[in-house]
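Enquirer: Dropping the structure in here first, questions after.
The values are calculated or read from the model by the stated rules, or taken from the named source; none is laboratory data. Computed from a predicted model, the values in this text were never measured in an experiment. Here Cβ is always computed from backbone atoms with ideal geometry, including for glycine, and neighbour counts include all displayed protein chains.
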Amino acid sequence: MIAVALRELIVSLTYPPSLTLLLLAVGGCLLLLKRRRLAAGVAVIGVAWSVLWSLPVISEGGRQLLERRYPVVKEASALPTADAIVVLGGGSSYRWMHRPDVDAEDLQYSRLAAGARAWKAGRAPVIILSGGGNKQVTEAERMAEAITRLGVPRSALRLEEHSNDTRDNATNSMALAGGPSRHVLLVTSALHMPRAAMLFREAGAEVTAVPVPEGRSRNGVISRWVPSPRALWRSGRALKEYVALLAVCVRD
């Protein structure tokens, strides 16, 4: 229980404003203790932390260090054949599934579309959709409903509905794939791929990464240096991955 609470606290602090608020609170306590200079220094550092990560140029630079480790494969036919395609859930609302003319080729930022393209190209016989949750309808079931709109039949799907984190995704998905040593095409976001690939290999998988871009902020030369809420949010996503990746390395 304590370990879970500590992990959730650390994850929450990866979002820059959370750490800023904590440092401001520490600064307030120091001020009450008459440590004015130290309080001011802590407060300045706290505010500067969020301002720094709200700059698009810093945000995108931090993300690219992770994203470029696994270049995006543009043609599904260029992928090797495998035992299964594993698509990790990403909390998407899948709003596109209600469009009458939806096509996997048009959804370049969708994990499900990447999985569908690989399956249609004959790269693997089944798609494992991995996503749990405590709701009545798991994310894996929502994914299954959406991917059938892209032309993948239910008979080709295997649902992994019991995961709470990426480590669970790896362990449970490999059980559905037939156990360790199976070759899987792993589909997740380019940002998440370094950690996901490491955990799947730890679970015994032979992994071919199929990273999906999350899109980039379109900023002019000047606006790249102007703080924005979107850049701050994207920075938080990257910082979470850095901390989680470090935790995997330390644990291993």
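Enquirer: Give the residue that is surrounded by the fewest Cβ atoms within 10 Å (Cβ to Cβ), with candidates limited to residues of the stretch 130-166 that are of a type in the set (A, V, I, L, M) and part of a helix (DSSP H, G or I).
Expert: Residues of the stretch 130-166 of a type in the set (A, V, I, L, M): 137, 140, 143-144, 146-147, 150, 152, 156-157, 159.
With the extra rule that they be part of a helix (DSSP H, G or I), the set shrinks to 140, 143-144, 146-147, 150, 156.
Working: A140: 23, M143: 26, A144: 20, A146: 23, I147: 27, L150: 21, A156: 15.
Per the criteria, the residue is A156.
Enquirer: To continue, here is another question. All but one of (1) over 20 Å from L176 (Cα atoms); (2) free of Cβ contacts under 8 Å to residues at least 40 places away in the same chain hold for A121; which doesn't?
Expert: Of (1) over 20 Å from L176 (Cα atoms); (2) free of Cβ contacts under 8 Å to residues at least 40 places away in the same chain, only one is false for A121: (2).
Enquirer: Next up: Could you check, for the stretch 93-111, whether at least one of its residues is closer than 30 Å to W225 by Cβ, touching a helix residue (DSSP H, G or I) at 6+ places or on another chain (Cβ under 8 Å) and not in a helix (DSSP H, G or I)? Can you show your working first?
Expert: Within the stretch 93-111, the first condition is being closer than 30 Å to W225 by Cβ, and the residues that meet it are 108-109.
Filter again for touching a helix residue (DSSP H, G or I) at 6+ places or on another chain (Cβ under 8 Å), leaving none.
Taking every residue of the stretch 93-111 in turn, none turns out to be closer than 30 Å to W225 by Cβ, touching a helix residue (DSSP H, G or I) at 6+ places or on another chain (Cβ under 8 Å) and not in a helix (DSSP H, G or I).
Enquirer: Within the stretch 169-189, take every residue that is hydrophobic (A, V, I, L, M, F, W, C) and surrounded by 21 or more Cβ atoms within 10 Å (Cβ to Cβ) and give me the one that is farthest from V126 (Cα to Cα).
Expert: Residues of the stretch 169-189 hydrophobic (A, V, I, L, M, F, W, C): 170, 174-177, 184-187.
Filter once more, keeping what is surrounded by 21 or more Cβ atoms within 10 Å (Cβ to Cβ): 170, 174, 177, 184-187.
Numbers: A170: 16, M174: 13, A177: 9, V184: 10, L185: 11, L186: 12, V187: 13 Å.
Taking the candidates together, the pick is A170.
Enquirer: Now for a different question. Limited to the stretch 132-142, what total is found for residues that are within 21 Å of G178 (Cα to Cα) and modelled with pLDDT of 90 or more? Don't jump to the end; show me each part of the working.
Expert: Just the residues of the stretch 132-142 that are within 21 Å of G178 (Cα to Cα), to begin with: 132, 140-141.
Going one step further and asking which of them are modelled with pLDDT of 90 or more, we end up with 140-141.
Number satisfying all stated conditions: 2.
Enquirer: Which residues, taken from the stretch 176-222, are in the same structural domain as A124 (by TED's automatic domain parsing) and of a type in the set (S, T, Y)?
Expert: Hits for the stretch 176-222 are S181, T188, S189, T208.
Enquirer: Which is outside the structural domain of A238 (by TED's automatic domain parsing), in a helix (DSSP H, G or I) and of a type in the set (A, V, I, L, M), of A170, A124, A82?
Expert: Details: A124 fails: in a helix (DSSP H, G or I); A82 fails: in a helix (DSSP H, G or I).
Selected residue: A170, the only one of A170, A124, A82 that is outside the structural domain of A238 (by TED's automatic domain parsing), in a helix (DSSP H, G or I) and of a type in the set (A, V, I, L, M).
Enquirer: Being closer than 23 Å to L107 by Cα and part of a helix (DSSP H, G or I) is the filter here; which residues of the stretch 173-194 pass it?
Expert: M193, P194
Enquirer: Considering every residue within the stretch 40-63, establish whether at least one is closer than 30 Å to L150 by Cβ and either surrounded by 15 or more Cβ atoms within 10 Å (Cβ to Cβ) or aliphatic (A, V, I, L, M) (or both).
Expert: Narrowing the stretch 40-63 to residues closer than 30 Å to L150 by Cβ: 60, 63.
Now narrow it down to the ones that are either surrounded by 15 or more Cβ atoms within 10 Å (Cβ to Cβ) or aliphatic (A, V, I, L, M) (or both): 60, 63.
For the stretch 40-63, residues closer than 30 Å to L150 by Cβ and either surrounded by 15 or more Cβ atoms within 10 Å (Cβ to Cβ) or aliphatic (A, V, I, L, M) (or both): present.
Enquirer: Scanning the stretch 78-129 for residues that are in contact with a His (Cβ under 9 Å, 6 or more places away or on another chain) and crowded, with 22+ Cβ neighbours inside 10 Å, which turns out farthest from L157 (Cα to Cα)? Full working, then the answer.
Expert: To start, the set of residues in the stretch 78-129 that are in contact with a His (Cβ under 9 Å, 6 or more places away or on another chain) comprises 80-84, 88, 90, 124.
Within this subset, residues satisfying the condition of being crowded, with 22+ Cβ neighbours inside 10 Å are 82, 84, 88, 124.
Values: A82: 15, A84: 10, L88: 13, A124: 11 Å.
So, considering only residues that are in contact with a His (Cβ under 9 Å, 6 or more places away or on another chain) and crowded, with 22+ Cβ neighbours inside 10 Å, the one farthest from L157 (Cα to Cα) is A82.
Enquirer: Now, a different point. Counting only residues that are in a loop (DSSP other than H, G, I, E, B) and not aliphatic (A, V, I, L, M), which one in the stretch 219-236 is surrounded by the most Cβ atoms within 10 Å (Cβ to Cβ)? Spell out the reasoning first.
Expert: Of the residues in the stretch 219-236, the ones in a loop (DSSP other than H, G, I, E, B) are 219-222, 226-228.
With not aliphatic (A, V, I, L, M) added as a condition, the list becomes 219-220, 227-228.
Numbers: N219: 18, G220: 9, P227: 15, S228: 16.
If we take residues in the stretch 219-236 being in a loop (DSSP other than H, G, I, E, B) and not aliphatic (A, V, I, L, M), then N219 is surrounded by the most Cβ atoms within 10 Å (Cβ to Cβ).
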